[in-house]
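Values quoted throughout were computed directly from the atomic coordinates according to the rules given, and no laboratory measurement underlies them. As the structure is a computational prediction, the values presented were derived from the model and not from experiment. In this analysis, Cβ positions are derived from the backbone assuming ideal geometry, glycine residues included, and neighbour counts consider all displayed protein chains.
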Amino acid sequence: MNHLTRLKSATALAALIVPLAFAGNAWAQDTVNLRMTIWSANEAHLAMFNEIAAAYQAENPNVTVTFDSLPFDTYTTTLTTQIAGGNPPDLAWILETTAADFVNSGALAPLRESFAAAEGYELDDVTEQATALWSSDGELYAYPFSTSPFAIFANNDLITEAGQQTPAELIAAGEWNWDNAIAIAAAVADAGHDGLIVRDFNYQIWQNLASIWRGWGASPWSEDGDTCTFADQPMVDAMSFIHNAIFETGAMPGPGESVDFFAGDAAMTITQISRASLLPQGDDAFDWDLVPLPAGPAGEYAVIGQAGIGVFANGANPEVATDFLAFMTNPENSRKLAQFFPPARASLLTAETLGLTNPLLSPEQLESVVIAGITNGVVLPGHEGFAQIQQTVRAELDALWTPDADVEAVLASVCDRIGSLL
Amino acid sequence: MTSSATSMAVREKRKRPFWTMERRDAAAGYLFIAPQLAGITLFVLIPLGLVFWYSLHEWNVLASTFRFIGTENYERLLTDRDLPRVLGATAIFSAGLVVLNMSLALLLAVLLNQKLAGITIFRTLFFSPVVVSLVAWTIVWSFLLQNNGGINGMLAAIGVEGPNWLRNPTTAMISVIVVQVFKNVGLNMILFLAALQGVPRELYEAARVDGASPFKQFRRITLPLISPTVLLTSIITIVGSLQVFAQIAVLTQGGPGISTTVLVYYLYQQAFQFHLFGYGSTLSILLFVIVAVLTFAQWQMRRKIVFYEN
């Protein structure tokens, strides 16, 4: 091969390779792989998300979306470790308790402008009450895709067996309050079963007790989050009530005891409506009811749990991720999401819409528990630096879960410890 | 130096090839240890350096800020209200674990150092928890230790009301220690058994002729001769006890209160739950110093305790 031939071949080869290389580069730039971390591994949830993602991909062929299921117990820890390791997801579910951390840190991309610009999005339909937790200075940082009220599931078989009136009967008589509710629980416990279970509390997740103490008008800290109110009278009264129910009347199972309402072992449980799927069918089925939380000394109330979806500002493709989020939460897809996650859109908050996708619940149950709950509910307590506050309060409250605890002294020590963290 | 000497040295240098025998040997040696050295550099030395670097910073993961704050995290060690109790819990756990584990392992080893039919079955039985997955082992124990769990059920059957094991600070600490001892006692037992079988039989015969009691034989012959193993197992056990994590995470999550929050669990909380990676790194430096000092001290003590070393 002489010099000229060599030169020619090289040029020909270059002519082939160079455009290919540029084309490859162009493809690489256009292809976007979005990753969303979630804490559900439920197949039905994943099938729905994948369906929404496929519809988005049909419009945007260069975008793929994968849903990364992380275990719930260590969800936030895993998420922050991914961020620390320089591998943040593009989108993530965020728990209400850690909302303040994420919203105020600057980690999330602003959404309002993109949502407002998305065709047919109807941002005004999303209630302000639902977005309050996820907003800062008028900007929205996460979409509240799930707003789930706490309610009571009751086992009417065990309750009538213990000679008690059912919650529905008490509601009809206008006597559905905590005194009567805890009396039912105590009577069922006396009959050899268990009374009332605050699901997932387990003497660790104390914020779930908000579903009781809000009835006394109690809250862990002031509305601005600056002052500890654990030692205030409403909380002392509410915690005394709970302590009494555990250690005096036995209406609530004690620490270190595992009882499952859905196995038919207990009279009542406080949890969110999505747990209806755990109700046993067939031979193990029992006569159950879903009722709102009883009225407390401070009157009627509702408590809700929320979950949001945010876009990481430091992710590889925040614009595409925001666009996908706008698609995922548009009116049409919100209707799909409402199958599993109570929606934040006012137009979807009707017993009719919710009934289509919650066949286990009656229109009355949906109206009294879900719609009233979402409309009037207070979100579970959250705060900036919540993980540390949660752990500190948990450690202090352990002293409360003994039979001879001094409720006032323990709550005072809680405030003493978390004062500097608020 | 004279000029003739210099020129001789130069000639000498010219004559000698670069790859002398010593250099070849040295290069081969370095090549042999290179994989291990690379591993240690990558997975121990560099992370150690980085942890020290992080400990001088305030690292807010969510806000992506990484700010140099000098020794502030180290000053915080002195003002941290929980740290003295955490170190106390760590000391109690380690001391309890080492004493119980070593004495039980030695007792089992002595008992199993017999020539009896079927003795291998017992040896296997006591060793088997070592090969069980740590988390699975701990989860099973967490069910047994619940207030309405298996252990209290058995106690109730004989008319005893058991305590709420994991909800009382004292019984919770005892529980985590015992669960850990049962898990790992087999390993030390096997090491002791091997050491016991290395003690020459004729020494015992001579002692018996001299009229030494079995206890005296143990004290004067067995213990001194297995002392290198005692040192080794004590170092392994103490270092291991300072690294306990899964048992605490599964059984007590550091509670009740912070009574079972040992140093490793505390640093995990600070770094990964509270996102205080800077302070978490400072705590791991503290742990590193504690382990280093303890190991050094034990190594020094070998002169006094260890009877002989090969």
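Rounded to whole numbers, the Karplus 3J(HN,Hα) couplings from phi for segment B:251-267 are 7, 10, 6, x, x, x, x, 10, 5, 10, 7, 8, 4, 5, 5, 5, 6 Hz, using 6.51 cos²θ - 1.76 cosθ + 1.60 with θ = phi - 60°, and x at Gly and Pro. The P(r) of segment A:153-237 has a tail past 23 Å containing 35 percent of all C-alpha pairs. Test of understanding: extend the Cα→C-beta vector of B:Glu205 to 7 Å, then name every residue of segment B:217-250 with backbone N under 19 Å from that spot. The answer is B:217-218, B:221-222, whose backbone nitrogens lie closer than 19 Å to the label point. Each principal axis of the Cα atoms in segment B:264-310 has its own extent, and those three values, largest first, are 49, 14, 14 angstrom. Our coupling estimate for segment A:155-167, obtained by passing each phi through the Karplus curve with A = 6.51, B = -1.76, C = 1.60 and θ = phi - 60°, is 9, 5, 4, 5, 5, 5, 4, 7, x, 10, 6, 6, x Hz, Gly and Pro reported as x.
Computed about its Cα centre, the charge dipole of the protein assembly as shown is approximately 6440 debye, with only Lys, Arg, Asp and Glu carrying charge at their Cβ. Fewest neighbouring Cβ atoms within 10 Å first, the residues B:Arg24, A:Arg112 line up as B:Arg24, A:Arg112.
For the options A:Ala100, A:Ala338, A:Ala395, a Gaussian network treatment of chain A with springs between C-alpha atoms closer than 10 Å singles out A:Ala395 as fluctuating the most.
Binning the C-alpha pair distances of segment B:166-208 at 5 Å intervals from 0 yields a P(r) profile of 6, 18, 14, 12, 11, 10, 9, 9, 6, 4, 1 %, listed from the shortest bin outward.
May I ask for the net charge around A:Cys415, where only other residues with Cβ less than 15 Å from the Cβ of A:Cys415 are counted and Lys, Arg are +1 while Asp, Glu are -1? Result for the neighbourhood of A:Cys415: -3.
Extension gain for B:Thr124 to B:Leu144 (0.36 nm times residue separation, less C-alpha to C-alpha distance): 4.9 nm.
With neighbours defined as other Cβ atoms within 10 Å of a residue's Cβ, the residues B:Lys304, A:Lys336 order from fewest to most as B:Lys304, A:Lys336.
When chain A is described by a simple charge dipole with +1 on each Lys and Arg Cβ and -1 on each Asp and Glu Cβ, the residue from A:Gly296, A:Leu279, A:Ala107 located farthest towards its positive end is A:Ala107. In the distance distribution for segment B:230-310, Cα-Cα pairs more than 22 Å apart total 38 percent. Of the peptides A:248-258, B:39-49, the ranking by mean beta-carbon count within 10 Å, highest at the top, reads A:248-258, B:39-49.
Counting Cβ atoms of other protein chains within 10 Å of each Cβ in A:298-311 and taking the mean gives 0. For A:Ala313, nonlocal amide neighbours, meaning residues 5 or more places apart or on other chains whose placed amide H falls under 5 Å from its own, are A:Leu108, A:Ala109. Note on chain B: helix-only mean residue ellipticity at 222 nm, from DSSP H runs of 4+ residues weighted -39500 (n - 2.57) and normalised by residue number, equals -22000 deg cm²/dmol.
The Rg/Rh ratio of segment A:64-153, with Rg taken over Cα atoms and Rh as the Kirkwood radius over Cα pairs, comes to 0.98. Packing-based ranking of B:256-265, A:32-41, B:151-160, A:78-87 yields B:256-265, A:32-41, A:78-87, B:151-160, ordered from highest to lowest mean Cβ neighbour count within 10 Å. Across chain A the C-alpha pair distances fall into 10 Å bins from zero in the proportions 4, 20, 27, 23, 13, 5, 3, 2, 2, 1, 0 percent. Taken residue by residue and averaged, Cβ atoms of other chains lying within 10 Å of the Cβ of A:103-109 number 3.
Counting Cβ atoms of other protein chains within 10 Å of each residue's Cβ and taking the mean over peptide A:254-261 gives 5.
Each residue of segment A:391-406 was assigned a 3J(HN,Hα) from its phi angle through the Karplus curve 6.51 cos²θ - 1.76 cosθ + 1.60 (θ = phi - 60°); the sequence is 5, 5, 5, 4, 5, 5, 5, 4, 5, 7, 8, 10, x, 9, 5, 9 Hz, with glycine and proline shown as x. May I ask you to work out the translational diffusion coefficient for segment B:129-249 at 25 °C, viscosity 0.890 mPa s, via Stokes-Einstein with Rh from the Kirkwood sum over Cα pairs, reported in whole µm²/s? Diffusion coefficient, whole number: 142 µm²/s.
Working value for the protein assembly as shown: equivalent-ellipsoid semi-axes of 54, 44, 24 Å, each the square root of 5 times a Cα gyration tensor eigenvalue, largest first. Distances between placed amide hydrogens fall under 5 Å for A:Ile304 paired with A:Phe150, A:Val378, A:Val379, A:Leu380, all partners being 5 or more residues away or on another chain. Taking the empirical scaling 2.2 N^0.38 Å for compact globular proteins as reference, segment A:277-422 has a Cα radius of gyration ratio of 1.41. Scaling against 2.2 N^0.38 Å puts the C-alpha radius of gyration of segment B:81-305 at 1.18.
Based on DSSP H segments of at least four residues, each scored -39500 (n - 2.57), chain A has a per-residue ellipticity at 222 nm of -12000 deg cm²/dmol. Put simply, the amide H of A:Asp68, placed in the peptide plane, has neighbours under 5 Å in A:Met36, A:Thr37, A:Ile38, leaving out anything fewer than 5 places away on its chain.
Here the spin labels are modelled as points 7 Å beyond Cα on the Cα-Cβ line, and at A:Asp68 and B:Leu42 they lie 2.2 nm apart. If a spin label sat at a point 7 angstrom from the Cα of A:Phe286 along the line to its beta carbon, the backbone N atoms of segment A:234-274 nearer than 14 Å would be those of A:253, A:259-270. Counting every other Cβ atom within 10 Å of each residue's Cβ, A:Val65, B:Val110 order from fewest to most as B:Val110, A:Val65.
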